[in-house]
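Enquirer: First the structure, then my questions, so here it is.
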2 protein chains.
Amino acid sequence: MGMEATVWPTTLPEDLRAHLPEGLADGVFPAGCPSRTVLDHITSKWGVLILLALSEGEQRWSELRRRAEGISEKMLAQTLKTLERDGLVLRKAQPVIPPRVDYSLTERGYELSGLLVPLVAWAYNNADDILNGQR
Amino acid sequence: MGMEATVWPTTLPEDLRAHLPEGLADGVFPAGCPSRTVLDHITSKWGVLILLALSEGEQRWSELRRRAEGISEKMLAQTLKTLERDGLVLRKAQPVIPPRVDYSLTERGYELSGLLVPLVAWAYNNADDILNGQR
DNA sequence: TAAGGTACTCACCTTTTGGTAAGTTATGGG
DNA sequence: CCCATAACTTACCAAAAGGTGAGTACCTTA
């Protein structure tokens with residue numbers, strides 16, 4: 001009897017770590033590595049929000065502005081451009097006046113959003129506990 | 001016959017979206033929302049790498065420096081402090097000389113790393129395709 | 001006595017990121 | 001003729017992130 005510490009695994013279960021590629025298995029992420037660049041894009045403040053919004057389906061510029069609350073036009077343009085270059089977002093512009101542009105996820109972007117959504121949901125669900133528990 | 005476009009779902013499957021909390025279901029992330037803060041911490045450049053490294057188990061300061069290749073001492077200290085305050089990382093300091101400090105994931109941090117690892121692995125696996133496909 | 005080891009902190013400076021407000025385009029409507 | 005509209009671009013400035021190098025603490029070993 002007496003106090004007993006709660007115990008949980010100290011490393012990830014084998015089946016999860018088994019899916020890690022080689023050079024990553026020891027937790028080392030080489031500095032110049034291309035994956036660092038990609039990781040920066042997809043975990044950027046606005047990148048996450050845009051990908052999340054687009055996981056709800058095709059949307060216009062103005063709709064994206066509304067959903068990623070607080071984003072400036074400059075950052076929206078910049079973020080969309082990066083995601084488009086990365087092949088995660090598809091831009092369809094119709095030659096009408098006033099202009100109409102629809103954004104959607106590519107197949108790759110769609111695949112990614114499947115990983116991003118649980119992460120965002122986790123942050124959303126744990127945010128209050130995390131920030132309240134600080135002295 | 002002729003050309004046929006590859007088709008994939010344009011929104012996430014119902015069972016995934018069903019796990020999204022209320023206010024998130026329409027893809028809107030309120031600007032002042034606490035989850036924005038938490039999301040920024042866990043998707044920060046160095047935060048991701050530290051959490052990833054720690055998913056391999058308890059590690060010392062110097063070992064973390066090595067694994068998060070390229071990080072400066074200043075940023076390592078800062079990132080660890082944030083993650084510790086957020087209750088994701090546990091710091092155990094031993095009063096010996098020279099000092100010895102071990103860092104590990106808390107239960108909450110461990111839970112999080114289960115979502116982060118697939119994301120990082122995805123970035124690692126797709127990085128070359130993504131960066132090569134740009135003109 | 002002096003050097004070495006570990007985990008930091010601090011001050012200073014550079015680089016990157018991001019916001020603001022204005023300008024652009026082309027057309028249809030009043 | 002002029003304004004509104006949607007989707008941007010640009011120039012300029014402020015703020016935040018991040019790097020560098022020095023300093024600190026304390027004991028052990030040479």
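The values are calculated or read from the model by the stated rules, or taken from the named source; none is laboratory data. Because the structure is a prediction, the values reported are computed rather than measured. Reconstructed Cβ throughout: ideal geometry from the backbone, glycine too, with neighbour counts over all protein chains shown. Keep in mind that these areas ignore ligands, DNA and RNA; they rest on the heavy atoms of the full protein, side chains included. Shrake-Rupley method; radii C 1.70, N 1.55, O 1.52, S 1.80 Å.
Enquirer: Taking each residue of A:42-49 in turn, how many C-beta atoms of other protein chains fall within 10 Å of its C-beta, and what is the average?
Expert: Taking all residues of A:42-49 together, the mean is 5.
Enquirer: Leaving out ligands, DNA and RNA, calculate the buried accessible area for the pair A and B with a 1.4 Å probe, summed over both sides, in Å² to the nearest 100.
Expert: The buried area between A and B, both sides summed, comes to about 6900 Å².
Enquirer: Hey, rough spin-label estimate for A:E58 and A:E73, points 7 angstrom out along Cα→Cβ, what's it come to in nanometres?
Expert: So the two model labels end up 2.5 nm from each other.
Enquirer: Additional query: Got the A:D128 label distances to the other copies yet, label 7 Å along Cα→Cβ, in nm, shortest first?
Expert: For A:D128, the other copies' label points sit at 4.7 nm, shortest first.
Enquirer: Contact order normalised by length for the range A:82-125, with contacts defined as Cα pairs under 8 Å and 6 or more residues apart; what percent is it?
Expert: Relative contact order of the range A:82-125: 31 percent.
Enquirer: Can you tell me, using C-alpha contacts under 8 Å and at least 6 residues apart, the relative contact order of the range A:33-132 as a whole percent?
Expert: 28 percent
Enquirer: Once the Cβ-Cβ distance between A:S104 and B:T37 is put in as r, and R0 is 30 Å, what FRET efficiency do you end up with, to the nearest 0.05?
Expert: So, using R0 = 30 Å, E works out to roughly 0.55.
Enquirer: Would you tell me the mean number of C-beta atoms belonging to other protein chains that fall within 10 Å of each C-beta in B:52-63, as a whole number?
Expert: Averaged over the peptide's residues, the number is 3.
Enquirer: At 1.4 Å probe size, with every protein chain present, just tell me what the per residue accessible area of the range B:33-129 comes to in Å².
Expert: In whole numbers, the range B:33-129 has 44 Å² accessible per residue.
Enquirer: Take the alpha carbon atoms of the range A:80-122, find their center, do the same for the range B:72-135, and report the distance between the two centers in whole angstrom.
Expert: Their Cα centres are 28 Å away from one another.
Enquirer: Accessible area of the range A:33-132 with a 1.4 Å probe: how many percent of it is carbon plus sulfur?
Expert: C and S fraction of accessible area: 50 percent.
Enquirer: If you don't mind, another one. Where the label is 7 Å out from Cα toward Cβ, how close does B:E58 come to the same position in every other copy, in nm, shortest first?
Expert: So the label point of B:E58 gives 5.5 nm to the other copies.
Enquirer: With labels modelled as points extended 7 Å from the Cα through the Cβ direction, what inter-label distance (nm, one decimal) is found for B:R65 paired with B:K92?
Expert: Label at B:R65, label at B:K92, 2.2 nm between them.
Enquirer: In nm to one decimal, list the spacings between the A:K45 label point and its equivalents in the other copies, with label points set 7 Å along Cα to Cβ, shortest first.
Expert: 1.4
Enquirer: Roughly how many Å² of A:E84 are accessible to a 1.4 Å probe, to the nearest 10?
Expert: Counting only protein heavy atoms, the figure is 80 Å².
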